[in-house]
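Undergrad: Please read through the structure below; I'll follow up with questions.
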Amino acid sequence: MTRADIFIQIISEISDIHRQETEELLAQFRKTHPGGTWDQELSPDQSRKLLAELRVEGPGILNWLISGRMDVAGSTGHA
């Protein structure tokens, strides 16, 4: 799995954002913020470990997503 695959998997598990929408959002983000390690392939063991760690952090990640959505809604006038 790549880091992008793991990000998409975790976001789809912890939120109401569908996998396809998450893929599209990440693609848009990557266009405006090139670079990073999104395409880095992780070994199966590394992937399992990172997924497990992120699942434990799921509530915090979900709060981060909610906060981000609220910030975007506030800046666009869509509450």
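Undergrad: Check MET1 against each of (1) touching a Ser or Thr at 6+ places or on another chain (Cβ under 6 Å); (2) closer than 17 Å to ILE66 by Cα; (3) not charged (D, E, K, R) and name the one condition it does not meet.
TA: Condition not satisfied by MET1: (2).
Undergrad: Can you find even one residue in the range 22-37 that is touching a Lys or Arg at 6+ places or on another chain (Cβ under 7 Å) and either modelled with pLDDT of 95 or more or on the phi > 0 side of the Ramachandran plot (or both)?
TA: Looking through the range 22-37, at least one residue is touching a Lys or Arg at 6+ places or on another chain (Cβ under 7 Å) and either modelled with pLDDT of 95 or more or on the phi > 0 side of the Ramachandran plot (or both).
Undergrad: Same structure again: Name the pairs: first residue in the range 46-65 and under 13 Å from PHE7 (Cβ atoms), second residue aromatic (Phe, Trp, Tyr) and at pLDDT 90 or above, Cβ to Cβ under 9 Å, at least 6 apart or on different chains?
TA: Pairs that qualify, where the first residue is under 13 Å from PHE7 (Cβ atoms) and the partner is aromatic (Phe, Trp, Tyr) and at pLDDT 90 or above, are LEU54/PHE7.
Undergrad: For the range 19-40, give me each residue that is over 15 Å from ILE8 (Cβ atoms) and not in a helix (DSSP H, G or I).
TA: Selection gives HIS33, PRO34, GLY35.
Undergrad: Quick one: would you say THR22 is in contact with a helix residue (DSSP H, G or I) (Cβ under 6 Å, 6 or more places away or on another chain), free of Cβ contacts under 8 Å to residues at least 60 places away in the same chain and surrounded by 13 or more Cβ atoms within 10 Å (Cβ to Cβ)?
TA: Against the criterion (in contact with a helix residue (DSSP H, G or I) (Cβ under 6 Å, 6 or more places away or on another chain), free of Cβ contacts under 8 Å to residues at least 60 places away in the same chain and surrounded by 13 or more Cβ atoms within 10 Å (Cβ to Cβ)), THR22 qualifies.
Undergrad: Oh, and also: Does at least one position in the range 68-76 carry a residue that is at pLDDT 90 or above and either in contact with a strand residue (DSSP E or B) (Cβ under 7 Å, 6 or more places away or on another chain) or surrounded by fewer than 16 Cβ atoms within 10 Å (Cβ to Cβ) (or both)?
TA: no
Undergrad: Taking ARG3 as meeting all but one of (1) out of contact with any Phe, Trp or Tyr (no Cβ under 9 Å at 6 or more places or on another chain); (2) at pLDDT 90 or above, write down the number of the exception.
TA: Answer for ARG3: the failing condition is (1).
The values are calculated or read from the model by the stated rules, or taken from the named source; none is laboratory data. The structure presented is a predicted model; accordingly, all values stated were derived computationally and were not measured. Using ideal geometry, Cβ is built from the backbone for each residue, glycine included, and neighbour counts are taken over all protein chains shown.
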